[in-house]
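Undergrad: To start, I am sharing the structure in question, which I have written as structure tokens.
The values are calculated or read from the model by the stated rules, or taken from the named source; none is laboratory data. Source: prediction; values computed, not measured. Quick reminder, even Gly has a Cβ in these numbers, built from the backbone with ideal geometry, and neighbours come from all protein chains shown. Heavy atoms of the whole protein, side chains included, go into the accessibility calculation; ligands, DNA and RNA do not. Shrake-Rupley method; radii C 1.70, N 1.55, O 1.52, S 1.80 Å.
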Amino acid sequence: MAAAAGPDEADEAVRGTCEDASVCKRFAVSVGYWKDPYIQYFVRQAKERKAPEINRGELGCERGHLTCYYARVHGVSHLIKAFLERTECNCQIVNLGAGMDTLFWRLKDENLLPRKYFEVDFPMIVARKIHNIKSKPPLSKPIMESHSGDSLLIDSHSLDSSRYSIVGADLRFPSDLEEKLKKHSLDIHLPTLLVAECVLVYMTPQQSANLLKWAASAFPVAMVINYEQVNMRDRFGQIMIENLQRRQCNLAGVELCASLHSQRERLLVSGWENARAIDMMKVYSSLPQADVKRIEALEFLDEKELFEQLMQHYCICWASKDSSNLGLANIDF
């Protein structure tokens, strides 16, 4: 077994997952799994082909962090758009551990921008993203087009416009996070959607509980989406954990990924309501058949059993608080 990484090495390994995930996403886009004209401005093209299970299921992508990319993008997007529909875009989105995500630009193209869109990540990742935004007009122009009021505020670790804000912060310290977001005009009275994709699992159970409790108590009307591992106590899950440990990447919160029940329960005990959780195989089976045929025609996937195992070890969980009776509890697949 690999020696345990120190705190700095562990954080560096987590930051490395941003690059690996982004490279895999760009590859999936280049093959035609989904459209994203903006990922090319953040991420280099992959030099090697990735196995189909990486794009449609989960098996590595260099660091061994497994991601059901197509089903993940579809599933998270479905829930986000349902929230935007219920709130009529009179809301804000906080993307936790956003990395090189391009959702802001894609929502703008679809005329679905919330009142404000926030991104949070490690300061080092935020600095790199801001550099790309500043140096590439296809990224900076949409921010300028949606901005109103005074000039944009921008430095090496934060950018703030009237509709888009990116903040360098450590999610393990919610009070510091809240302070930084409020400096960028976070409105706790606005319906708020928090999105965390493969983020909470890198925090200890206490750290992620603190973050979830903060969010549940800070916003009267809110929804949280969490995408990460599940069913991690079986042999397949143990192999996934061992693969990551060999890369000095520790899943500090994996004990909460034991089952769909444990994933729901963590949200409920943190103060959220109407929590739900489904595995990615169920998300994939909810896709329109025409879409499934298109995806499966892109590249031959010969190991269906492995694919199904991979999909059964990731899940999407969501929960809400809805004092305004917007119908958030009815959002489903």
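Undergrad: Quick check: net charge around Lys180, other residues with Cβ under 11 Å of its Cβ, Lys/Arg +1 and Asp/Glu -1? Let's see the in-between values first.
TA: Values: positive: Lys182, Lys183; negative: Asp160, Asp170, Asp176, Glu178, Glu179.
The answer is -3.
Undergrad: Tell me, what ³J(HN,Hα) does each residue in segment 207-220 have, in order and in whole Hz, if you take phi through Karplus 6.51 cos²θ - 1.76 cosθ + 1.60 with θ = phi - 60° and put x for Gly and Pro?
TA: Result, rounded to whole Hz: 5, 5, 4, 4, 5, 5, 5, 4, 5, 5, 8, 6, 10, x.
Undergrad: Using θ = phi - 60° and the Karplus curve 6.51 cos²θ - 1.76 cosθ + 1.60, what whole-Hz ³J(HN,Hα) does each residue of segment 20-27 get, with Gly and Pro shown as x?
TA: Rounded to whole hertz, the list is 5, 5, 5, 4, 5, 5, 5, 4.
Undergrad: May I ask you to compute the full-extension gain from Lys182 to Leu268, defined as 0.36 nm times their residue separation minus their alpha-carbon distance, rounded to one decimal in nm? Working shown, then result.
TA: On the way: separation 86, 0.36 × 86 = 30.96 nm, distance 2.58 nm.
Contour length minus the Cα-Cα distance gives 28.4 nm.
Undergrad: Would you mind getting the accessible area per residue of the chain, heavy atoms of the protein chains only, 1.4 Å probe, in Å²? Don't jump to the answer; show the numbers that get you there.
TA: Working: 14240 Å² over 333 residues.
For the chain, the solvent-accessible area averages 43 Å² per residue.
Undergrad: Of all accessible surface on segment 104-170 at a 1.4 Å probe, what whole percent is carbon and sulfur? Mind dumping the intermediate values first?
TA: Working: 1660 of 3080 Å².
Carbon and sulfur atoms account for 54 percent of the accessible area of segment 104-170.
Undergrad: Mind listing the long-range amide H neighbours of Cys198? Cut-off is under 5 Å, sequence gap 5 or more, other chains count too, H placed in the peptide plane at 1.01 Å from N.
TA: Residues meeting the criterion, in which the H sits 1.01 Å from N, are Tyr227, Glu228.
Undergrad: Could you go through segment 271-284 in sequence order and give the Karplus-derived ³J(HN,Hα) for each residue, using 6.51 cos²θ - 1.76 cosθ + 1.60 with θ = phi - 60°, rounded to whole Hz, and x for Gly and Pro?
TA: Each residue's phi maps through the Karplus curve to give x, 8, 10, 6, 6, 9, 8, 9, 7, 6, 5, 5, 4, 4 Hz.
Undergrad: How much length would be gained if the chain were fully extended between Arg115 and Ser259, taking 0.36 nm per residue of separation minus their Cα-Cα distance, in nm to one decimal? Present the calculation step by step, with values, prior to reporting the outcome.
TA: Working: separation 144, 0.36 × 144 = 51.84 nm, distance 3.52 nm.
The span from Arg115 to Ser259 would gain 48.3 nm if fully extended.
Undergrad: Using only helices, what value at 222 nm comes out for the chain when you add -39,500 (n - 2.57) per DSSP H run of length 4 or more and divide by the total residues, to the nearest 500 deg cm²/dmol?
TA: Working: 13 runs with 148 residues, N = 333.
Result for the chain: -13500 deg cm²/dmol, rounded to the nearest 500.
Undergrad: Between Glu242 and Glu305, with labels modelled 7 Å along Cα→Cβ, what's the label distance in nm to one decimal, could you check?
TA: In this crude spin-label approximation the distance works out to 1.9 nm.
Undergrad: What residues have an amide H closer than 5 Å to that of Glu119, excluding those fewer than 5 places away on the same chain, when H is modeled at 1.01 Å from N in the peptide plane?
TA: Asn95, Ser165, Ile166, Val167
Undergrad: Identify which of the listed values of Kirkwood radius over Cα pairs in Å was calculated from the structure shown: (1) 24.5; (2) 22.1; (3) 20.1.
TA: The calculated read-out lines up with (3).
Undergrad: Looking at segment 92-127, which trypsin sites (Lys or Arg not before Pro) are in a loop (DSSP not H, G, I, E or B) and have at most 16 other Cβ atoms within 10 Å?
TA: Arg115
Undergrad: Quick one: which residues, 5+ away or cross-chain, put their amide H under 5 Å from the amide H of Phe219? H built at 1.01 Å from N.
TA: Close amide H contacts, sequence-distant or interchain: none at all.
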